[in-house]
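The structure appears below as structure tokens.
The values are calculated or read from the model by the stated rules, or taken from the named source; none is laboratory data. Given the structure is predicted, the values throughout are model-derived calculations rather than measurements. Backbone-built Cβ (ideal geometry, glycine too); neighbour counts: all protein chains shown.
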Amino acid sequence: QEKTLNFALAQKIRDELVKRGFTVKMTRDTDKDVSLDARGNLSGTLKADLFISVHHNAAGNRTGTGVETFAMTPDGCRSTGGGAVPKQATLSNRYDGANLNLAQEIQSRLVKATGGPDRGVKFARFRVLVKAHCPAVLVEAGFITTPKEELAIADPARQRKVAAAVADGVEAFNRRTAAMKK
């Protein structure tokens, strides 16, 4: 199940970030349902510096492969999926530049770590991103509906590589952010 793979990967990302000196708070520590709004809002309650939502893709054709990272769609822009800008488009979460930078730092490292296709950095108005109170991204770490990729996703060694790639991206983002504050 996707939730099992997501949780296993999220725990490895947490462990990797903690090992590097970051403080990490998870939206859940057990197999319980946490609403999308509650997940995003938690970043405000915790006064978080970053929010990373971990997922795995699915496709009906069972041939989709690769990784992608989503950032909040900037105010007045279309989401990557196309279509018109909603009449009451959700305002950006005021971290447009940081969202994009974080997504780029993570995505480039995910591609190297997995060796899979680069599906790119994309924009979306996912609830967890809309509700975030800090720079936020949603990582799609592969396709669970493609048999070969699903086996790879379930491999703890690949999960550790992906976790290290996400942590590398967070460190690079952190360095960039610190340099801009000087």
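Some values worked out for this structure:
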{"quantity": "Count of residues meeting criterion [surrounded by fewer than 18 Cβ atoms within 10 Å (Cβ to Cβ) and not in a loop (DSSP other than H, G, I, E, B)] in region 47-68", "calculated": "0"}
{"quantity": "Residues being over 22 Å from R175 (Cβ atoms), of a type in the set (K, R) and in contact with a Gly (Cβ under 9 Å, 6 or more places away or on another chain) - total across region 91-137", "calculated": "4"}
{"quantity": "Helices (runs of 4 or more DSSP H) contained in region 104-182 and holding at least 1 residues modelled with pLDDT of 95 or more and within 17 Å of R14 (Cβ to Cβ)", "calculated": "156-181"}
{"quantity": "Answer from A8, A71 - the residue that is in a strand (DSSP E or B), in contact (Cβ under 8 Å) with a residue 24 or more places away in the chain and not acidic (D, E)", "calculated": "A71"}
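Condition check ((1) within 25 Å of D168 (Cβ to Cβ); (2) at pLDDT below 95; (3) in contact with a Cys (Cβ under 7 Å, 6 or more places away or on another chain)) across all residues:
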residue	(1), (2), (3)
K3	no, yes, no
F7	yes, yes, no
M26	yes, yes, no
D33	no, yes, no
A38	no, yes, no
N41	no, yes, no
T45	no, yes, no
I52	yes, no, no
D75	no, yes, no
